[in-house]
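Engineer: What follows is a single structure, and I will ask about it in a moment.
Taken together, the values in this text are just the output of simple stated rules run on the coordinates, not laboratory data. This one's a predicted model, so the numbers in the text were calculated from it and none came from an experiment. Note: ideal-geometry Cβ built from the backbone for every residue, glycine included; neighbour counts use all protein chains shown.
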Amino acid sequence: MLTRNIQDLPTVYDARETEENIYKFWEENEMFKADAKSQKPPYSIVIPPPNVTGVLHMGHALDETLQDILVRYHRMSGYETLWVPGTDHAGIATQNVVEKKLREKGISRYDLGREKFLEETWDWANAHKSRILDQCKRLGASFDRSRERFTFDEGCSNAVKEVFVKLYEKGLIYKGKYIVNWCPRCRSAISDVETEYVTEHGHMWEISYPLKNESGAIIVATTRPETIFGDVAIAVHPQDHKYSELIGKKVIVPLSGREIPIIADEYVDRNFGTGAVKITPAHDPNDFEVGKRHGLKPIWVIDGEGKMKACGEVPPELHGLDRYEAREKVVGMLSYEKFLLRTREHEHNVGKCQRCGTTIEPLLSEQWFVKMKPLAEEAIAAVKDGRIKFIPERWEKNYLGWMENIRDWCISRQLWWGHQIPAYHHKVTGEMIVAKENPDPNVWEQETDVLDTWFSSGLWPFSTMGWPNIDSDDFKKFYPTTTLVTGFDIIFFWVARMITMGLEFTQKAPFSTVYIHGLIRDEKGQKMSKSKGNTIDPVEIIDKYGCDALRFTMTSLCTYGGQDIKISDERFEYGRNFANKIWNASRFVLMNLDDVDNSNIDLSKLTIADKWILDKLNSVAKEINEDIKNYRIGETAHVLYDFFWNYYCDWYVEIAKVQLKDESLKLNTQRVLRYVLDMSLRLLHPIMPHITERVWQLIPHTEDTLVSAKKGNNSAIMLAPYPVYREDLVFTKEAKEMELVFETIKSLRNVRQTFNIPMNLNFNIEIRATEDEKPIFEAIESYVKRMAKVDSVTYEDESVPQPPKSATAVVFGSKIIIPLENLIDLDTEVQRQKKKVDKLIAECKSLEARINNPKFMANAPVELVEQTKLRIAEIKDQEARIMSLISNLS
RNA sequence: GGGCGUUUAGCUCAGUUGGUAGAGCGUCUCCCUUACAAGGAGAGGGUCGCGAGUUCGAGUCUCCCAACGCCCACCA
């Protein structure tokens, strides 16, 4: 167990020990569990379900961290907060993994048969199911594990059937023969978005098709000569004079002997290739359209495995040959028979299967589709009218552009792992029905195809909430969800489909905000991938630097524009160092709270420094709340880092050391130290949950605080109210006056450094202060003494001559003189002062240029003019005093 | 072909109502001062990609160009 003894806390923060114990503490007390019966306003997020067989990668780490930040922030801000975890059955991806395992054993899925194979895959999925979500625990994810879902579980499957049947009944799902992207390796159709195009070097072959019954030929350019056996026509442009004579005539397909017509179609580009195209409707999407227009029957010559079909159209020596081998052979044959006229190098885009990288074979086959146009209308409207907002906004354009040109979605997959399509064929009559319930299995046989994985993930925001049961507590309380957090790479795959389906089936947008973040890349900006070997394992980073360090670093790298994030191992030192800083500052505070009472700060007894830090904290709290609401999450990391390190640690804690020595100030200083630490930890908690909880548990809290953060018998920072702006903690005047402390101390430190004065030699200083500034100097004397190593402070009148061998710091309207006797080199001091003057002169010059510009005086806002004048006066004043100093020295 | 993003200190990047440029890392000096060397103190470092325009004033708004990156469409 974690020690509660302050003296035993290690000087270096031990992330590993802390994180494990703290997460257990939250889980054991069920602090992530949402209450659907709560009266609090709801805040809900559904996780983008990672693949069930997946392993946690940096992309998840970022995505989960951002969700957790939002969830923790809202939970602390008084919302009933639900974060639904779960996994995706990931049709092709999972099936591929299992098939690979089988292949290692020398068997294929066909050897097992569908039923056995599914059993095998279920076993595999169940075995890995909890792995990735368990890894998310190491990220500190505060999701509600009691509500964990799986896209292939009973409830989700039920939702899938419901949706399928309803869409079918509405005529929005249809089955038909169309050209689809076919992956010969997966032996399945895939959708357009699952096809990625890459530019490849290839060849363009010009082939001569002799005219029938007369001399002459038409020359056709193709990149795919092996499909020649599937040719059903040659097409030319109707206005192409080169070929107008030939339209309607017939040619003989080389190597085949079949006769095909020459047809005219607008589709043909006169200027490309030879201006004549061979039409192969079974194996090319454009050709399919042309063929349909001209009533030509397609001829299949390539099968589902990408091999030449053993049919009458294809010469026997090519039967069963792989499409690429066949291509080579065909080229050879064409060349031998003198049909091949020319071979050219050619660059073209080739479609690849997103899952396995295999070159797509456009294939005419019978598939199921969702008619998207009617569904897209509402999905477009919802974004246009602001029911759904994208952050950053530019993704809206991207989404709308895609939606407005949407094409039908091919949802059937010739796989086994997935939701089997709820359509049934009559064994005798062949009649087909679509139904939620399986009719008599003796008579009806279910469709063998399964659905695209994204079909079920498209229902995720409501299928996880109990839909189609719209009376379920979760659906009523937590649907629609609030925010969806994801990367831009799945806007089309997932976000667009959730919006479409959500609107269609719940009449509500499934979420109101889509928060899109950048993608994680390696330090060179390359996408991380296993094959490139440039991945960084988040679990390793957590082991090495700690979860909070990982989270903080990644958060700090998130920009408002959602730029991609480049990371390297060393970058996480940033977060680790900050965690260590928090740890040690906390240790200091805790060590000095040993005899603190249990009360709140006495606001009537605050010192100027107390007021300053409270004022700063207050404005930080205000800013952080605004930033999170506006999804400027990276900014919150920077603001908190700056506040905690550069304000609280560097200045307030040092000042507190002085105040703690003063018995009259000690008690209230302890309270301020504790209060600011407590609030800082709360502000930081969404980003760095573990360390903040760990420290918070060690703070001797007031009774109010403990009650406000209580669940059962325990209080926790993760349940404590998030700090908000407080009117009673605004101390503008004191905050401004503290600048004098900083300027004074910095100036004295500069003098010490410039003249190499050792730390163990203290200064005696003389202050010549203005009337306004003198009382402030008196109030802050003790801070200056300790922090700038000053022994004595005396106040002199400006008329008293300055000691000849002294350095001088001009601070605001006042002058601080440091007599240095033989320690000072007057030339150096002159140089030092000159540098200051130069800076002032430069600033003054540009300001005066403004004032002297009548247009500026006429157009600029009055406050700015006033401010500028004031600043000039200030500069002039300082400048004059430094100049007189210099002349005295020289 | 269409669209989007990026270009700011040696490196990685912040910088939303236009008002004299910031951080982290790195560099140079000094310091183990009883929270922290994963630390403290001080210092140096930028004509904000190029060109023009709007404006009293532009890193910030408009246009052009360049380089790099991404997305969509696609030619057989």
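Engineer: Kindly state, to the nearest 0.05, the FRET efficiency for residue A:348 paired with residue A:630, given R0 = 41 Å and r defined as their beta-carbon distance.
Structural biologist: Step by step, r from the Cβ atoms, then E = 0.35.
Engineer: Mind running the shape call on segment A:15-70? Use the C-alpha gyration tensor, a ≥ b ≥ c as the square roots of the eigenvalues: rounded below 1.5 for a/c, prolate if a/b tops b/c, oblate otherwise. Present the calculation step by step, with values, prior to reporting the outcome.
Structural biologist: Values: a/c = 2.08, a/b = 1.19, b/c = 1.75.
Oblate, since a/c reaches 1.5 and b/c is not below a/b.
Engineer: Would you give the gap between the C-alpha center of segment A:739-792 and the C-alpha center of segment A:187-221, rounded to a whole Å?
Structural biologist: So the two Cα centres are separated by 84 Å.
Engineer: Counting helices only, and only those DSSP H runs with n ≥ 4, report the 222 nm mean residue ellipticity of chain A as the sum of -39,500 (n - 2.57) divided by its residues, in deg cm²/dmol to the nearest 500. Write down the numbers at each step before the final one.
Structural biologist: On the way: 28 runs with 375 residues, N = 890.
Rounded to the nearest 500, the figure is -13500 deg cm²/dmol.
Engineer: Tally Lys/Arg at +1 and Asp/Glu at -1 over every other residue whose Cβ is under 9 Å from the Cβ of residue A:102; what's the total?
Structural biologist: On the way: positive: A:100, A:101, A:103, A:105, A:109; negative: A:99, A:104, A:111, A:120.
Result for the local shell: +1.
Engineer: Using amide H atoms built 1.01 Å from N in the peptide plane, name the residues 5+ places from residue A:173, or on other chains, whose amide H lies under 5 Å from its own.
Structural biologist: A:168, A:371
Engineer: Now, a different point. Residue by residue, what Karplus-based ³J(HN,Hα) values in Hz, rounded to whole numbers, does segment A:712-729 have, using 6.51, -1.76 and 1.60 with θ = phi - 60° and x for Gly and Pro?
Structural biologist: Each residue of segment A:712-729 in turn: x, 9, 10, 10, 8, 5, 5, 10, 6, x, 6, x, 10, 4, 10, 4, 6, 10 Hz.
Engineer: For segment A:739-769, list residues with backbone N below 15 Å from a point placed 7 Å from the Cα of residue A:797 toward its Cβ?
Structural biologist: Output list for this probe position: A:768-769.
Engineer: By how many degrees, 0 to 90 and rounded to 10, does the Cα axis of helix A:663-684 deviate from the longest principal axis of chain A?
Structural biologist: So the helix axis and the longest Cα principal axis differ by about 10 degrees.
Engineer: Let me ask something else about it. In percent, how large is the relative contact order of chain A, given Cα pairs closer than 8 Å and 6 or more residues apart?
Structural biologist: Values: 1500 pairs, mean separation 109.0, N = 890.
Worked out over chain A, it gives 12 percent.
Engineer: For residue A:432, what is the net charge nearby, where nearby means another residue's Cβ is under 9 Å from its Cβ and Lys, Arg count +1, Asp, Glu -1? Mind showing how you got there, number by number?
Structural biologist: Details: positive: A:175; negative: A:431, A:447.
Once positives and negatives cancel, what remains is -1.
Engineer: For residue A:811, which sequence-distant residues (separation of 5 or more, or a different chain) have an amide H within less than 5 Å of its own amide H, given hydrogens modelled in the peptide plane?
Structural biologist: Amide H to amide H, under 5 Å and 5 or more residues apart or across chains, residue A:811 pairs with A:816.
Engineer: With θ taken as phi - 60° and the coefficients 6.51, -1.76 and 1.60, list the Karplus ³J(HN,Hα) couplings across segment A:213-222 in order, rounded to whole Hz; mark glycine and proline as x.
Structural biologist: The phi angles translate into 6, 7, 7, x, 7, 10, 9, 10, 9, 8 Hz.
Engineer: Calculated FRET efficiency, residue A:4 and residue A:622, Cβ-Cβ r, R0 35 Å, to nearest 0.05? Numbers along the way, then the final one.
Structural biologist: Details: r = 34 Å, r/R0 = 0.96.
Step by step, r from the Cβ atoms, then E = 0.55.
Engineer: Further question: How far is helix A:573-591 tilted, in degrees, relative to the longest principal axis of the Cα atoms in chain A, given as a value from 0 to 90 rounded to the nearest 10?
Structural biologist: 40
Engineer: Note the full-extension length gain between residue A:425 and residue A:754 as 0.36 nm times their separation in residues minus their Cα-Cα distance, in nm to one decimal. Walk me through the numbers before you get to the answer.
Structural biologist: Numbers: separation 329, 0.36 × 329 = 118.44 nm, distance 9.12 nm.
Difference between extended and current length: 109.3 nm.
Engineer: I've got another one for you. To the nearest 0.05, what FRET efficiency results for residue A:779 and residue A:523 with a Förster distance of 60 Å applied to their C-beta separation?
Structural biologist: Working: r = 50 Å, r/R0 = 0.83.
For R0 = 60 Å, the calculated efficiency reads 0.75.
Engineer: Same structure again: With 10 angstrom as the radius, rank A:857, A:58, A:498 by how many other C-beta atoms surround their C-beta, starting from the fewest. Can you show the working numbers first?
Structural biologist: Details: A:857 13, A:58 21, A:498 26.
Ascending Cβ contact count within 10 Å gives the list A:857, A:58, A:498.
Engineer: Could I ask something else about it? What shape does segment A:54-171 take by its C-alpha gyration tensor, where a ≥ b ≥ c are the square roots of the eigenvalues and a/c under 1.5 counts as rounded, a/b above b/c as prolate, and the rest as oblate? Please report the intermediate quantities before stating the final value.
Structural biologist: Numbers: a/c = 2.93, a/b = 1.48, b/c = 1.98.
Oblate, since a/c reaches 1.5 and b/c is not below a/b.
Engineer: Determine the equivalent ellipsoid of chain A by diagonalising the alpha-carbon gyration tensor, then write out the semi-axes as square roots of 5 times the eigenvalues, largest first, rounded to whole Å.
Structural biologist: Values: eigenvalues 1002, 260, 113 Å².
Sorted largest first and rounded, they come to 71, 36, 24 Å.
Engineer: Of A:497, A:145, A:185, how do they rank once you tally other Cβ atoms within 10 Å and put the fewest first? Don't skip to the end; give the middle numbers.
Structural biologist: On the way: A:497 25, A:145 19, A:185 16.
So the ranking, lowest neighbour count to highest, is A:185, A:145, A:497.
Engineer: Hey, quick one: spin label on residue A:638, modelled 7 Å out along Cα-Cβ, who in segment A:527-567 has an amide N within reach, i.e. under 14 Å?
Structural biologist: Backbone N within reach: A:555-563.
Engineer: Label-point separation (nm) for residue A:850 and residue A:111, each offset 7 Å from Cα along Cα-to-Cβ?
Structural biologist: Placing both labels 7 Å beyond Cα along the Cβ direction yields 8.0 nm.
Engineer: Next question, about the same structure. Please compute the net charge surrounding residue A:750, taking Lys and Arg as +1 and Asp and Glu as -1 over other residues with Cβ under 12 Å from its Cβ.
Structural biologist: Details: positive: A:746, A:749, A:752, A:832, A:835, A:836; negative: A:743, A:829.
Here the count lands on +4.
Engineer: Does anyone have the angle between helix A:114-138 and the longest principal axis of chain A? Alpha-carbon axes, 0 to 90°, nearest 10?
Structural biologist: The angle comes out at about 10 degrees.
Engineer: In whole Hz and in residue order, list the ³J(HN,Hα) couplings for segment A:176-185 that follow from phi through the Karplus curve 6.51 cos²θ - 1.76 cosθ + 1.60, θ = phi - 60°; x for Gly and Pro.
Structural biologist: x, 8, 9, 6, 10, 6, 10, 9, x, 7
Engineer: Fewest to most neighbouring Cβ within 10 Å: what's the order for A:501, A:759? Display every interim value, and only then the final one.
Structural biologist: Working: A:501 25, A:759 7.
By the 10 Å Cβ count, ascending, the order reads A:759, A:501.
Engineer: Okay, moving on. With a/c under 1.5 counting as rounded, go ahead and sort segment A:486-606 into rounded, prolate or oblate using the C-alpha gyration tensor (a ≥ b ≥ c being the square roots of the eigenvalues; past the cut-off, prolate if a/b is larger than b/c, else oblate). Before the final figure, lay out the partial values.
Structural biologist: On the way: a/c = 3.36, a/b = 1.50, b/c = 2.24.
Because a/c hits 1.5 or more and a/b fails to exceed b/c, segment A:486-606 counts as oblate.
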